[in-house]
Amino acid sequence: MRITDANTMRKVDEWCIDELKIPSVVLMENAAFKVAGNVDKNMNNIVIVCGTGNNGGDGLAVARQLFKKNKNIAVFLIGNIEKMSSDCKVNYNILKNMKLNIINIKNSEDIFILKEAIKKSELIIDAIFGTGLNRKIEGIFSEVISKINDSKKYILSIDAPSGLNSDNGLIMGNCIRANKTVSFEAYKVGFLQYGNDVYIGEVVIEDIGIPEFVLEKFCDNKFILDESIIKNGIVRRNKYSHKGNYGKVTIFAGSTGYSGAAYISTQAAVKTGSGLVTLCTYKQIQNILSEKLVEAMTISYDEEERINNAIEKSSVIAIGPGMGNNKFTLDMLKKIICTSKVPIVIDADGINVLKDNISLLANKKVPIVITPHLGEMSRLTNISVEGIKNNRIEIAQNFARKYDVIVLLKGYNTVITDGKYTAINSTGNSAMASGGMGDCLTGMIASFIGQQYHPLKAACMAAYIHGYCGENLSQKMFSVTASDVLNEIPYAIKTFIN
C-alpha cells in the first residue's frame, strides 16, 4: 500500500487527465462508486454534507449512486454555489435535473434543518473538504462539523476527514471524527500522525482506475507493510540445508541487573531460525545465561581471543541491549564498527553511547541498522520527543540519508527507512507495551540478516512479524510480554510460509 501526500495525488490526477485523457468526471464517478460500495446495505437513511470543491463533487455523485439503490438521501451543500469546481457543478446539476433537493447551508436556520435530518439518519457522509485543505476551519464550516460530531451517528469521510491536513496530520481548527475513511489509490501521510486514529477511524484505500505506472511515476518509495509483502518475502528452506546455511549471529548484550535483555535478544535470534547464535556478555552473568540459553553459546568479555574469533566468523553482529551506557559499551561498539565485515544491528545502550560519538558511523564498512525508540532518537538528533512524534517519517529519513544507515524508529506504526525506501509497519498494539520488546526485535532483525536477507528487508520482516505475534497473543491476553512473543515467533513465521 503506497503512502503519499495531497500534492502528489493532485499531480497523478492531472497527468491522467492531461496525458491519458481520462475525463476528470470519470475519476470522480469511479471514486463515488467505490464510496457507495462501502456503505452498509442496512443503512437506509443517509445525510450527505458536501463542500463546493471536488470532494463535494464526490459526495454529490455518491448521493446519486445511493439514490439509485433506493436509499433515503438528504443532501446538504456548504459554501458558495457560484464558486463550485467544474466537476462538482456537473454532479450538482445532475442531481437538480433528477429533482433531488439540495439544501445550501448559509445560516443557523439551515444548520437547524441539518440537525433535524441528522436525527433521522443512520449514516452521515462527510464530503466537505477532503485532502486539499490547508487553512483553518472557522465560522459556519466549523459549526457544521461540530454538529456532525455531536450527533454520535456513524460517519464516513471521503478521501480524508474534513479538517485534517492530509500531509502533516495537523487538525485545522476543527475536524470530523470519522468511523471510516474511504481514500483513493494511496494512504495519506497525515493519517499516520499519532492520535489521528480518532479522526480517521477505519481506513479503506480504493482503486479508482489510475494505472500502476502513473503511480510509480509520481509516488516516492513509501509504503505500508502488509501480510502479502511478508508472505512473498520469506524464503522457503531447502530440504538439503543445514545450520551453516542460516547464519552465525553474535550478540553483545546484558550486564549485572540486565541479564533479561541479553536472554531475550539472544533467544529471539534462536527462535527466528538462526543456525548458530552466540551471546557475548559480562563474566558475572555468563553462567546464569548459559543455563537458560540451552540452544545458544556464550562468551565472556574476558575471553578476548574468542570474542575476536566470534566477530571474525559472524554473519551479523547485534550490540547494545542491556549493556549499560558506559565507556566499555562505547569501546566495544568502536571495535565492532571498525573491524566488522558483516552487517551490524545497534540497539539500546549501543545507541545511547553514539549520542556524542555519532562520527563513528562514518568509519563503518558494512550496513548498519539502528533501532531507536523516540527517546533514543531524541538524544541522537537533539530534537524533542514531541518534535519527532510530529514528524517521524521525515526525521528518520533524513537521519538515514545523512549517516547512510537503516533506521527503525520504534513505536506505533514503526518507521523503517534507508532514506530512499520507507516502510511503515502496520502490526502491533499497546498490549505489547512492556520491557524487553525492543530486545526481542533486535534479535529477530539480526537473525533475518544472518539468514541472508537484505538488512532493510530483514528489519521490515522482523518488525511486521514481531507486531503480528503481539496482536495474535493479545486476542487472548490482556498484556503480552517479550517471553510470550519469543514462543510465538516460529509459529507466526510458519503461518506466513503456509
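What follows draws every value from the coordinates through simple rules; no lab data is involved. What you see is a predicted model, and the numbers here were worked out from it, not measured in a lab. All Cβ positions, even for glycine, are placed from backbone atoms using ideal geometry, and neighbour counts span all protein chains on display.
Here are some notes:
- Ascending count of other beta-carbon atoms within 10 Å, so fewest first, for CYS440, CYS280: CYS280, CYS440
- Beta bridges assigned by DSSP with both partners in the chain are antiparallel in approximately 15 percent of cases.
- Estimated vicinal HN-Hα couplings, Hz - region 168-179 in sequence order (Karplus 6.51, -1.76, 1.60; Gly, Pro = x): 10, x, 6, 8, 8, x, 8, 8, 4, 9, 7, 7
- Going from the fewest other Cβ atoms within 10 Å to the most, the residues TYR199, TYR491, TYR258 appear in the order TYR491, TYR258, TYR199.
- Note on HIS466, HIS454, HIS373, HIS242: ascending count of other Cβ atoms within 10 Å places them as HIS242, HIS454, HIS373, HIS466, the fewest first.
- Sites LEU20 and LYS494 - FRET efficiency at Förster radius 30 Å, r taken between beta-carbons, to 0.05: 0.10
- A cut-off of 5 Å between modelled amide H atoms, ignoring neighbours fewer than 5 places along the same chain, links CYS280 with ILE251, PHE252, ALA253, ILE299.
- Highest average first, the peptides 249-255, 228-234 ordered by how many other beta carbon atoms sit within 10 Å of their residues are 249-255, 228-234.
- Region 82-233 - percent relative contact order, Cα under 8 Å, separation 6 or more: 16 percent
- Burial ranking of peptide ranges 146-153, 134-141 (average Cβ count within 10 Å, highest at the top): 146-153, 134-141
- Taking label points 7 Å from Cα along the Cα-to-Cβ direction, ILE103 and SER430 give a separation of 3.8 nm.
- Relative contact order of region 227-497, pairs being alpha-carbon contacts under 8 Å that are 6 or more residues apart, as %: 20 percent
- For the chain, the Kirkwood estimate of the hydrodynamic radius, built from every pair of different alpha carbons, is 24.8 Å.
- The chain, relative contact order in percent, only Cα pairs under 8 angstrom and at least six apart counted: 12 percent
- Between 0 and 90 degrees, the angle of helix 54-68 with respect to the longest Cα principal axis of the chain falls at about 70 degrees.
- Considering every alpha-carbon pair of region 420-498, the percent of pairs per 5 Å bin, from zero through the bin containing the longest distance, is 3, 16, 27, 27, 17, 8, 2, 0.
- A Förster radius of 22 Å, combined with the Cβ-Cβ distance separating SER151 from ASP197, puts the computed FRET efficiency at roughly 0.65.
- For region 374-387, 3J(HN,Hα) computed residue by residue from phi via the Karplus equation (6.51, -1.76, 1.60; θ = phi - 60°) reads 4, x, 5, 5, 4, 5, 5, 9, 6, 9, 4, 4, 5, x Hz, glycine and proline entered as x.
- 5 angstrom amide H check on GLU185, placed H, neighbours 5+ away: GLU206, ASP207, ILE208
- Estimated from helices alone, the mean residue ellipticity of the chain at 222 nm is -13500 deg cm²/dmol (sum of -39500 (n - 2.57) over DSSP H runs with n ≥ 4, per residue).
- Positive-pole candidate from GLY53, ILE307, TYR468, dipole of the chain, charges at beta carbon: TYR468
- Unit charges at the beta carbon, dipole of the chain: most positive-side option, PHE184, ILE317, ALA160: PHE184
- Amide H contacts of VAL203 (H built 1.01 Å from N, under 5 Å, at least 5 apart or other chain): THR181
- Net charge dipole, the chain: roughly 540 debye, given to the nearest 20, about the Cα centre with Cβ charges of +1 for Lys and Arg and -1 for Asp and Glu.
- If you model region 227-497 as an ellipsoid using its alpha carbon gyration tensor, with each semi-axis the square root of five times an eigenvalue, the axes come out at 24, 23, 18 Å, biggest first.
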